[in-house]
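Please read the structure below before turning to the comments.
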Amino acid sequence: MTIERRAILHPSRTHELRATAHRIVNGSLPGTLPARPTQVDLAQLRTLDVGVTPQLWTEANVQLLEGMLIARVRLDDLDSALDLVDAHFAEGRLRGRAVLGLDSLGSLFAAVAETYAVAGRPRDAGLYSSRALTFAASEAVRYRAAAVQTLVFAVNGEFSSAAASREACADLARTNRWNVADTDHALTVADILLGAGTLDAPRTERAAALLRSIAPRDPYAQHAAATAEAIALVLRGDLTAGAAGLRSAIGGAWSHLSHRLMRQLALSVLAEAALAQGSARRSLALLEALESSPSHAVCFEAHRAAAHLALGDDRAALHATDGCLALGAEHCPRTLAIVLVRRAVARDRLGQSAAADDLFDEACNLAHHAGDLIAPFISVPREQLAPLRERLRERRPDLAAAVADATEEFHRREPRAPQALPALTPRERSVASVMRGGKTYGEIAGEFTVSINTIKSQMRSLFAKLGVSTRDEAVVVLERHGFYL
């Protein structure tokens, strides 16, 4: 069906379009299971043109606008969804005059908040989710607004706030005796993010199972569930099976029917799994050319930094995360804590202990405030964190104890990663890169235009750092760490 550009100006559309918008909007509310929209419904509203802002917003054209937003988000057409928001909203309100009920505004603002959240813009999402809760008059719309707010908090790593918002949804569901199948889509995605972010495998598995049951015919939901199941395997320490599941989710034949946020999360966990398996270069290869979400809710730079630390390249770890600091308050606080820990380790290994302590203090305080005292410290060998933790204990024994208590149980079940490579000089890295090719000392010396004795001296230095005595042993250690990918 072809819709003229002025369609959004005229709410008196065909009965079919009005019914479709009604099913999509009402299908996002609890207690309306028979009206659940189909993939055909979503596709139909996704194809509508954005149009121009009407002179007067009414219940009919606002419901159409909301249906168009939900359809675009559910089908991962985020750029088009953001265009729709930009065209019709500014500073937390609709452009133009409106004659609307409170619930209509609350439901509409929840859809805008969800758009921003899944696009990786939680600050913008937070503005609209708070307005959605303000305007929500019925308990169904209040549930929808609280569900989206839970997603906003989860994306931004504010786990304590997310837990409170999640409990508000549970209270509403219990009070109204809503069926579990009425669970909001945004809430199930939030549960996956919360399970993965807090390293809680059972919670991640429960979210996956729920998503599979409430949306059996939705390929996007099924992809998200498969991603969550693979993440849970990684969290349980089954890195091989988990990585295989994540690779299938990212590169499978049906991966195009997936949400950007889930793909980013899958890549993030896969990069960490590769690092835990001792393959830092494979982790870097997975992340090559990838861009983080606008707020770095999924921060690929943090993963690159961890890989560089494992390879002993502290300056590269700092360089990889310089842009994160440049974001300032726009950076997601949860992943910023991870970045700061990894920068602290790099600074400490470079002999800059004062700068390292400042970074570590900020990271621990930020993690404590966000309610996530585990994630910032994974993928960094404990021996590298030890001096930072010891000095923190001298300055802030209370904070150091909280960090230790939170991470102790995780470390007991954490897969044992190989000890990180020591820091190598640029020349040592160059020499290491050609050691396993079978070249003689003379050939290597000729390649670098130095004497054979110089090459032998550089190799002895490399052997000492790696704790080996022969060239073959050095190659084995480097291979174990994924140096040669």
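The values are calculated or read from the model by the stated rules, or taken from the named source; none is laboratory data. Since the structure is predicted, the reported quantities are computational estimates derived from the model, not experimental observations. Using ideal geometry, Cβ is built from the backbone for each residue, glycine included, and neighbour counts are taken over all protein chains shown. With ligands, DNA and RNA removed, areas are computed over all heavy atoms of the protein, side chains included. Shrake-Rupley method; radii C 1.70, N 1.55, O 1.52, S 1.80 Å.
Here the simple spin-label model places points 7 Å from the Cα toward Cβ, and for ALA355 and ALA386 these points are separated by 2.5 nm. The distance linking the range 103-125 with the range 245-284 is 27 Å (Cα centroid to Cα centroid, whole angstrom). At a probe radius of 1.4 angstrom, the accessible area of the chain per residue rounds to 42 square angstrom. Dipole magnitude for the chain: about 560 debye, using +1 per Lys or Arg Cβ and -1 per Asp or Glu Cβ, origin at the Cα centre. Near ALA98, the amide H atoms lying under 5 Å from its own belong to TRP57; only residues 5 or more places off or on other chains count, and H is placed 1.01 Å from N.
The distance between label points at LEU290 and HIS15 comes to 5.0 nm (points 7 Å beyond Cα on the Cα→Cβ vector). Stretching ARG315 away from ALA87 to a fully extended chain increases their span by 77.7 nm, per 0.36 nm per residue minus the current alpha-carbon distance.
Applying 0.36 nm per residue to the separation of THR47 and THR440 and subtracting their alpha-carbon distance, the gain on full extension is 135.1 nm. Seen against the Cα atoms of the chain and their longest principal axis, helix 122-135 is set at about 30 degrees. Surface composition of the chain: carbon and sulfur atoms hold 53% of the protein heavy-atom accessible area at a 1.4 Å probe. Could you let me know the centre-to-centre spacing of the range 40-98 and the range 296-374, using Cα atoms, in angstrom? Between the Cα centres of the range 40-98 and the range 296-374 lies a distance of 38 Å. Annotation: extensible slack from LEU325 through THR470 equals 48.0 nm (criterion: 0.36 nm per residue apart, minus Cα-Cα distance). Simple spin-label estimate for ALA404 and THR58 gives 6.9 nm between the two label positions (7 Å along the Cα-to-Cβ direction from each Cα). Working from Cα pairs under 8 Å separated by at least six residues, relative contact order for the chain is 10 percent. Loop sites here are GluC sites (Glu not before Pro) outside DSSP states H, G, I, E and B with no more than 12 other Cβ atoms within 10 Å. The longest part of the chain free of them is 92-287.
Over all pairs of different C-alpha atoms in the range 214-366, the reciprocal of the mean inverse distance, the Kirkwood hydrodynamic radius, equals 16.2 Å.
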